[in-house]
Amino acid sequence: MTTVGIITQARMTSTRLPGKVLLPAGSSTMLDHHLDRLCRVDLPICIATTTNSTDDPLATLGERRGISVFRGSEDDVLSRFVGAADSLGLDVIVRVTSDCPLIDGAIVSEGVRAFLQGDNPWLYVSNALRRTFPRGMDFEVFSMMALRHADHNATEAYQREHVTPYFYQRIDPRTRLENIANATNQSKYRLTLDTPEDYKLLRCLIENYNAAELPVASLVAILTSHPKLSAINGHIEQKKLGE
């Protein structure tokens, strides 16, 4: 039987918005909202954080919620993911990041189904190879075998920090890429948490529009019908790989 699980990486030392995952929105933290959304996928979850004392509150939050926590290197996130996946005994890994408090579990489930139907350990499934969903809905699915191979062979610092470039850059030619696309291109919207402007928008959506309970289509409908909301963070430039 194939064991599938979700690993979300989290740390408190974000450069543009330190401590962002524990910022409040409504009655919960952003990390709680993120985990609540992932719990709807009904798969094991592990928070992969660092061994730094600054990340003790993240480990405490996970333990309080009964969610697995793995602590590893701050910079070598690839090795951290291997350790986290081993701790859950996973055959297939869903990678997400904790700066996605409104990630839609239904989209993640679609990605898992696509991977399992592909029946190929060198398959890499994501919805961000060609971006059509809003930022903040990103996921990746890959096998433990492929992750171990990347861990053994990835030598560049950016490959180890960002975990999956070894896959989507097809450094190993056996890798097969599959993109999960949205029906319409909604990539101009930001539902990710990286800057104060992002936080302002997400907090407004959660506290005033019940966003924590809504699927991505409903979230986009709110942004489309309220242009002043999407303008809050519409000017933000996403950090490039290696920045």
| note | Note: among 60, 155, 132, just one is of a type in the set (Val, Ile, Thr) and assigned to a helix (DSSP H, G or I), namely 60
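Of the residues in the range 154-164, how many are surrounded by fewer than 16 Cβ atoms within 10 Å (Cβ to Cβ), in contact (Cβ under 8 Å) with a residue 12 or more places away in the chain and out of contact with any helix residue (DSSP H, G or I) (no Cβ under 7 Å at 6 or more places or on another chain)?
Going residue by residue through the range 154-164, those that are surrounded by fewer than 16 Cβ atoms within 10 Å (Cβ to Cβ) are 155-158.
Pick out the ones that are also in contact (Cβ under 8 Å) with a residue 12 or more places away in the chain and you get 157-158.
Adding the requirement that they be out of contact with any helix residue (DSSP H, G or I) (no Cβ under 7 Å at 6 or more places or on another chain) leaves 157.
Within the range 154-164, residues that are surrounded by fewer than 16 Cβ atoms within 10 Å (Cβ to Cβ), in contact (Cβ under 8 Å) with a residue 12 or more places away in the chain and out of contact with any helix residue (DSSP H, G or I) (no Cβ under 7 Å at 6 or more places or on another chain) number 1.
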| Just checking, which of 75, 55 is over 16 Å from the mean Cα position of the chain (by Cα), in contact (Cβ under 8 Å) with a residue 40 or more places away in the chain and outside any helix (DSSP H, G or I)? | 75
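This table checks each residue for (1) among the aliphatic types (A, V, I, L, M); (2) in contact with a Phe, Trp or Tyr (Cβ under 7 Å, 6 or more places away or on another chain).
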residue: 173; (1), (2): no, no
residue: 179; (1), (2): no, no
residue: 182; (1), (2): no, yes
residue: 208; (1), (2): no, no
residue: 215; (1), (2): no, no
residue: 218; (1), (2): no, no
residue: 231; (1), (2): yes, no
| message | I'd like to know if the range 201-222 contains one or more residues that are touching a strand residue (DSSP E or B) at 6+ places or on another chain (Cβ under 7 Å), closer than 20 Å to residue 100 by Cβ and surrounded by fewer than 19 Cβ atoms within 10 Å (Cβ to Cβ). | response | yes
| the range 12-35 - residue that is crowded, with 22+ Cβ neighbours inside 10 Å and either out of contact with any helix residue (DSSP H, G or I) (no Cβ under 7 Å at 6 or more places or on another chain) or not aliphatic (A, V, I, L, M) (or both) and, of those, nearest to residue 96 (Cα to Cα) | 34
| field | Breaking point among (1) farther than 30 Å from residue 188 by Cβ; (2) under 16 Å from the mean Cα position of the chain (by Cα), for residue 136 | value | (1)
| remark: Condition set part of a helix (DSSP H, G or I) and in contact with a strand residue (DSSP E or B) (Cβ under 9 Å, 6 or more places away or on another chain), scope the range 165-180, selection surrounded by the most Cβ atoms within 10 Å (Cβ to Cβ): answer is 167
| Given 175, 164, 195, which one is modelled with pLDDT of 95 or more and closer than 30 Å to residue 27 by Cα? | 195
| Evaluation of residue 1 against (1) touching a helix residue (DSSP H, G or I) at 6+ places or on another chain (Cβ under 7 Å); (2) of a type in the set (A, V, I, L, M, F, W, C); (3) in a loop (DSSP other than H, G, I, E, B) (one fails), failing number | (1)
| task | Among the numbered conditions (1) closer than 22 Å to residue 217 by Cα; (2) buried (at least 23 other Cβ atoms within 10 Å of the Cβ), tell me where residue 85 comes up short. | result | (1)
| said: Can you tell me which residue is farthest from residue 47 (Cα to Cα) among those in the range 90-128 that are in contact with a strand residue (DSSP E or B) (Cβ under 9 Å, 6 or more places away or on another chain) and of a type in the set (S, T, N, Q)? | reply: 120
| task | Could you tell me whether the range 5-20 includes any residue that is at negative phi, in a helix (DSSP H, G or I) and in contact with a His (Cβ under 8 Å, 6 or more places away or on another chain)? | result | no
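The values are calculated or read from the model by the stated rules, or taken from the named source; none is laboratory data. Worth saying up front: this structure is predicted, and the values here are computed from it rather than measured. Reconstructed Cβ throughout: ideal geometry from the backbone, glycine too, with neighbour counts over all protein chains shown.
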